[in-house]
Amino acid sequence: MNISAILAVVLPEKLDTMVTTLNQLPGVEVHHIEQDSGRLILTQEAESIDDEIKGLKMIKKLPGIIMADMVQHYFGEDEHSYPPELPDELNDQSEAVCVPAFLNE
Amino acid sequence: MEITRRTLLKASVAASAAATVGIPISEVAAKTVDEAEKDWLWDKSVCRFCGTGCGIMVATQDGRIVATKGDPDAPVNRGLNCIKGYFNGKIQYGKDRLTKPLLRMTDGKFDKQGKFQAVSWDRAMDEMEKQFKQVYKEQGPHGVAIFGSGQYTIPEGYAAAKLMKAGFRSNNIDPNARHCMASAVVAFIQSFGIDEPSGNYDDIEYTDTVVTWGANMAECHPILWARVSDRKLGDVDNVKLINLTTCSNQTSDIADSEIIFKPGTDLAIWNYIAREIVKRDAVDHDFVNKHCVFATGPYDIGYGMRPTSKYAFEAEKDIQAKELEVVLDADEAIAQRRRAGERVKQKNTKAPVKHWQISFDEFKRGVEPYTLDFVARLSKGDPDESLASHRQKLQALADAYIDDQRKVVSFWTMGMNQHYRGSWVNEQAYMVHLLLGKQAKPGDGAFSLTGQPSACGTAREVGTFAHRLPADMVVANPKHRARSEKLWKLPPKTLNPKVGAHIMNILRGLEDGKIKFAWVQVNNPFQASANANHWIKAARKMDNFIVCSDPYPTVSAKVADLILPTAMIFEKWGLYGNAERRTQGWRQQVNAPGEARTDVWQALEFSKRFKLKEVWGKQKIPGLKSKGFTDGELPDVLQQAKAMGYSPEDSLYDVLFATAQNRKVAWPDEAVAKGHACNTAEWLGEGWFPEKALFNEYREFGLGHEHDLADFDTYMSDDNRGLKWPVVDGKETEWRFNEKYDPYVTKGAGFEFYGKALKATPVGDLDGVTDKKKKPLPGRAKIFFRPYAAPPEQPDNNYDLWFSTGRVIEHWHTGTMTRRVPELHRAVPTAQLFMHPYDAKQRGLKRNDVVVVESRRGVFKALLETQGRNRPAKGYTFAPFFDESVFVNKVCLDVTCPMSKETDFKKAAVKVYKA
Ligand code: SF4
């Protein structure tokens, strides 16, 4: 699972409706609002970065959004991540399994 | 994950992001950050992916990276990162990360036809040494080569360059930056006598006109584009954006005007603007008279192809023949003041860079044919646009440049660099800005953007090119060699004066058997080079030995004989230099997995295996001709070495790297490291700190020579977010050549283009030299006249479509790193060929069909896309080049700019049909 924080800038006069719209998007939650400048911080939770990118693009396309970009990204418990120590089977010299198969295709 | 933990994390990530961009947060929110991040260690770093050079913060916990965020204190990106920036923390955790050296073997012995097997580092280096020494003995220093990189950290590039040039006395080291920045470099050196932009990113906030030329900034430099968009949206009516491109792209979305031009006609458009400047008497005469001269050079310089058809595929021969002779088309005839159909022998392919000063009148005569009528007709790129509309846009473009109430910044990247006349078209940008006096001022300037994170900092400044030495010096200049030999403590004439093989020639050398040992470092040349079928065959079928240092099994690793598992960005200490001359450093954050090692360690460890007597004796260099040298030969310098206190038995490691001075740079170095490890130092185990020692040694080259850098500790200190060189008395330089900002400008001069290279030239007229005597031009920039020349390959009846390659935002170059992130890969699953719906229909194709793209050189398959973010005009196609399974470079043409030797990836002719 990934959590990203996104900075969005919206037209100040549309701020309220935008907050509602954004909160309705899957996995999205608006956390901080700066009234005068129309700046928002929202989080997006998604299973995969693929979904996050799609989500971000959707947000960017919403009418009323001036800009939206990622600020922070947490992936500490992303199931796709890779252990810091190599799994034993990859270290097993006798099988030479640390040679990616396609290299020898 | 538990709900409470997840909620806490979200609140914390949000609060921390808010703080990052300066949105006030409550005390409670701040507490959640402390709570969620209590075991995280944040440290500053730099993004691995592009030349923008964004600062990113990296959090580690228990030896793993757990989070990244835009660095709020980084002046480049002010807390933001683009999508790619995210993956800095993930790229090292790909499942197929290489963790052991792999050697092709059969029955326990190296065998070029064998299969990869894991071996120890000792075994790997033994084989590498044996193979290297054999080639070195047989072919001499120019039988070996290194493929270097614009992604090298500064210490890595420096170690590789010093090992090659000072140790092995070979100039056969050339970076992939050749494919990306070489044309920019030639133009900088020819125009200003010194490399790299005069301005900086703050130009975006100072200017009111941004013109992009062949740069899809919205996708390729997104964070800079965010700054441009901010500027535009903050002052919608006044700020103007104009996007010139051959293919409608996202950068046009907020532009006031999009100009679609035919490939190669940018050369004509620049000249049209120059003609307008002259015609409307908008030349800043005061600026030009005081600070510039006019210049030109030969037109018959070929296209950087081989001069012989011996190696060409049958289908390629008609294009290859143009290297020798060109028949001028009607437009070239007008543009070059000649007759259509005239046969022009390409006589200056060997000396394309020569040039001479001309008068302003001659310059005027040069641009005279570039009328609006001519250029509008020639350059219109979208068949669906009316000529009147295109004309009107060109006129508005000239107006925007010329308006004396406007400041103007021109940005460009690969569209102008990867160009059969890349150096010319770069020079034309300076031509226009210099004529107007709109250069080297806040908000005014022609600004060449870079693709790679350290194309400037390493490839160019360190000089990991076949012709360069550090700090803009070149191997062919005896004074530069002498200065380098002094700083490197080498006997005179150790350095080789003959320019080495550029990256395409290294590949060609492998094909010809002139180069038999190559080491690939921090890049993927066998995927990234045009006309790839030739080079893969050369690597696999010829008698040679190819080493590839790589974290992942790339195409280059796959065609190699030995793969060295290599540490990635946060697994080592490093420094990068971005496109605005900003040098930035980071500490090692985590250890490399398994037996992966840093590039610095690999270079140093390899150097231990060579004794001076093996490399500093007499060496043959075919073709070497240089004053003070016997033809074809480098002298034995061992006697002088002895006199300097060296023994022939000393190793290159001791002489070049672990010098007495460098050994004093001690590791551990807690004041700088603050708990961070340095694997390179630990593996060497000799109590010195290689990255720091090498950086500080390298720095000596630039001090007092217009390239001053601060010391290692300054860049590493917690509060430093990089400094723009020259850094004089601890102060960075915001705008070069401008007295107000640049300490190198003579007091009272106002402006001074003080670069020292090529500062005396013969004098002549448009057609040639009339006075060979060199006339000096100290402190002046050159305004070049360069004509339009037609692209050597254009669509015809058989190959009837234009084809160009480029990048999309989710992927970085050949995709070696970003394709490792599975989710990201899925976002753009396989390469697409973008085509106009009309052209698709004409060929009976529909969206998502699998199509074959065929050129004279090869074919690839792709999914057809007729909608979406790249919208080619009729007659054009585009495919990104990140996907190994869609090997677009097989169809690309290996034409280069003859001056820079940079490949033109943007203009090939193809046909497309259903698979
Ligand atoms: S713009 Fe470039 S440097 Fe900045 S985060 Fe994106 S890829 Fe990295």
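The values are calculated or read from the model by the stated rules, or taken from the named source; none is laboratory data. Keep in mind the model is a prediction, meaning the values are calculated, not measured. Note that each Cβ is placed from the backbone with ideal geometry, even for glycine, and that neighbours are counted across all protein chains shown.
Here are some residues: B:Ser149, B:Ser170. Which one is touching a helix residue (DSSP H, G or I) at 6+ places or on another chain (Cβ under 7 Å) and modelled with pLDDT under 95?
That would be B:Ser149, the only listed residue that is touching a helix residue (DSSP H, G or I) at 6+ places or on another chain (Cβ under 7 Å) and modelled with pLDDT under 95.
Having 1 or more residues that are within 13 Å of another protein chain (Cβ to nearest Cβ) and out of contact with any Ser or Thr (no Cβ under 6 Å at 6 or more places or on another chain) is the bar; report the helices (runs of 4 or more DSSP H) wholly within region B:526-609 that clear it.
Of the helices (runs of 4 or more DSSP H) lying wholly inside region B:526-609, those with at least 1 residues that are within 13 Å of another protein chain (Cβ to nearest Cβ) and out of contact with any Ser or Thr (no Cβ under 6 Å at 6 or more places or on another chain) span B:532-541, B:555-559.
Going through B:Val58, B:Val33, B:Val66, B:Val76 one at a time, which residue ends up being hydrophobic (A, V, I, L, M, F, W, C), under 22 Å from B:Gln151 (Cβ atoms) and either in contact with a Cys (Cβ under 8 Å, 6 or more places away or on another chain) or away from the ligand (no atom under 16 Å from the Cβ) (or both)?
Selected residue: B:Val76, the only one of B:Val58, B:Val33, B:Val66, B:Val76 that is hydrophobic (A, V, I, L, M, F, W, C), under 22 Å from B:Gln151 (Cβ atoms) and either in contact with a Cys (Cβ under 8 Å, 6 or more places away or on another chain) or away from the ligand (no atom under 16 Å from the Cβ) (or both).
If you take the residues of region A:28-56 that are surrounded by fewer than 18 Cβ atoms within 10 Å (Cβ to Cβ) and outside any helix (DSSP H, G or I), which of them is modelled with the highest pLDDT?
Narrowing region A:28-56 to residues surrounded by fewer than 18 Cβ atoms within 10 Å (Cβ to Cβ): A:29, A:34-37, A:47, A:54.
Checking the rest, the ones that are also outside any helix (DSSP H, G or I) come to A:29, A:34-37, A:47.
Numbers: A:Glu29: 94, A:Glu34: 87, A:Gln35: 84, A:Asp36: 79, A:Ser37: 75, A:Glu47: 77.
Here the answer is A:Glu29.
Right, B:Thr106: more than 9 Å from the ligand (Cβ to nearest atom) and facing chain A (nearest Cβ under 7 Å) or not?
So B:Thr106 fails the test.
Criterion first (out of contact with any helix residue (DSSP H, G or I) (no Cβ under 7 Å at 6 or more places or on another chain), in contact (Cβ under 8 Å) with a residue 60 or more places away in the chain and not aliphatic (A, V, I, L, M)) does B:Ser198 satisfy it?
Answer is yes for this residue.
Being surrounded by fewer than 18 Cβ atoms within 10 Å (Cβ to Cβ) and outside any loop (DSSP other than H, G, I, E, B) is the filter here; which residues of region B:341-366 pass it?
Residues satisfying the conditions are B:Arg343, B:Val344, B:Lys345, B:Phe360, B:Asp361, B:Glu362, B:Lys364, B:Arg365.
Since B:Ala29 meets every condition but one in (1) more than 10 Å from every other protein chain (Cβ to nearest Cβ); (2) not in a loop (DSSP other than H, G, I, E, B), which condition does it not meet?
Only one criterion is unmet by B:Ala29, namely (1).
With the checklist (1) in contact with an Asp or Glu (Cβ under 9 Å, 6 or more places away or on another chain); (2) in a helix (DSSP H, G or I) in hand, flag the one item B:Pro24 doesn't pass.
Of the numbered conditions (1) in contact with an Asp or Glu (Cβ under 9 Å, 6 or more places away or on another chain); (2) in a helix (DSSP H, G or I), the odd one out for B:Pro24 is (2).
Considering only region B:294-309, state which residues are buried (at least 22 other Cβ atoms within 10 Å of the Cβ) and out of contact with any Phe, Trp or Tyr (no Cβ under 6 Å at 6 or more places or on another chain).
Across region B:294-309, the qualifying residues are B:Gly297, B:Tyr299, B:Ile301, B:Gly302, B:Gly304, B:Met305.
If we only count helices (runs of 4 or more DSSP H) wholly inside region B:656-768, which ones have 1 or more residues that are at pLDDT 95 or above, touching a strand residue (DSSP E or B) at 6+ places or on another chain (Cβ under 7 Å) and farther than 30 Å from B:Trp356 by Cα?
The helices (runs of 4 or more DSSP H) meeting that bar are B:660-663, B:679-684, B:690-699, B:712-716.
Considering only region B:834-853, how many residues are part of a strand (DSSP E or B) and surrounded by 19 or more Cβ atoms within 10 Å (Cβ to Cβ)?
Let us first name the residues in region B:834-853 that are part of a strand (DSSP E or B), namely B:834-835, B:850-853.
Adding the requirement that they be surrounded by 19 or more Cβ atoms within 10 Å (Cβ to Cβ) leaves B:834-835, B:851, B:853.
Matching residues across region B:834-853 total 4.
When you check A:Ala5 against the structure, is it within 23 Å of B:Leu224 (Cα to Cα), of a type in the set (Gly, Ala, Ser) and more than 9 Å from chain B (Cβ to nearest Cβ), yes or no?
Answer is no for this residue.
Out of the residues in region B:79-102 that are more than 8 Å from the ligand (Cβ to nearest atom) and of a type in the set (Val, Ile, Thr), state the one that is surrounded by the fewest Cβ atoms within 10 Å (Cβ to Cβ).
B:Thr99
Of everything in region B:178-227, what is more than 26 Å from B:Leu777 (Cα to Cα), at pLDDT 90 or above and either more than 16 Å from the ligand (Cβ to nearest atom) or assigned to a helix (DSSP H, G or I) (or both)? Give them in sequence order.
Matches in region B:178-227: B:Asp202, B:Asp203, B:Ile204, B:Glu205, B:Tyr206, B:Thr207, B:Asp208, B:Thr209, B:Val210, B:Val211, B:Trp213.
Restricting to region B:85-97, what's the tally of residues that are modelled with pLDDT of 75 or more, under 19 Å from B:Gly53 (Cα atoms) and either in contact with a Cys (Cβ under 8 Å, 6 or more places away or on another chain) or facing chain A (nearest Cβ under 7 Å) (or both)?
Selection size over region B:85-97: 4.
Just give me the residues in region B:315-335 being in contact with a Lys or Arg (Cβ under 7 Å, 6 or more places away or on another chain), assigned to a helix (DSSP H, G or I) and at pLDDT 95 or above, in sequence order.
B:Ala333
Just wondering, is there one or more residues in region B:259-281 that are in a helix (DSSP H, G or I) and acidic (Asp, Glu)?
Yes: region B:259-281 contains one or more residues that are in a helix (DSSP H, G or I) and acidic (Asp, Glu).
Identify the residue in region B:39-55 that is in a strand (DSSP E or B) and hydrophobic (A, V, I, L, M, F, W, C) and, among all such residues, is farthest from the ligand (Cβ to nearest atom).
Going through the qualifying residues, I end up with B:Leu41.
Return the total of residues in region B:232-253 being closer than 20 Å to B:Asp399 by Cβ and either part of a loop (DSSP other than H, G, I, E, B) or within 28 Å of the chain's Cα centre (by Cα) (or both).
11
Spot the failing condition for B:Lys112; the list is (1) assigned to a loop (DSSP other than H, G, I, E, B); (2) within 11 Å of chain A (Cβ to nearest Cβ); (3) surrounded by fewer than 24 Cβ atoms within 10 Å (Cβ to Cβ), and only one is missed.
Going through the list (1) assigned to a loop (DSSP other than H, G, I, E, B); (2) within 11 Å of chain A (Cβ to nearest Cβ); (3) surrounded by fewer than 24 Cβ atoms within 10 Å (Cβ to Cβ), B:Lys112 breaks only (2).
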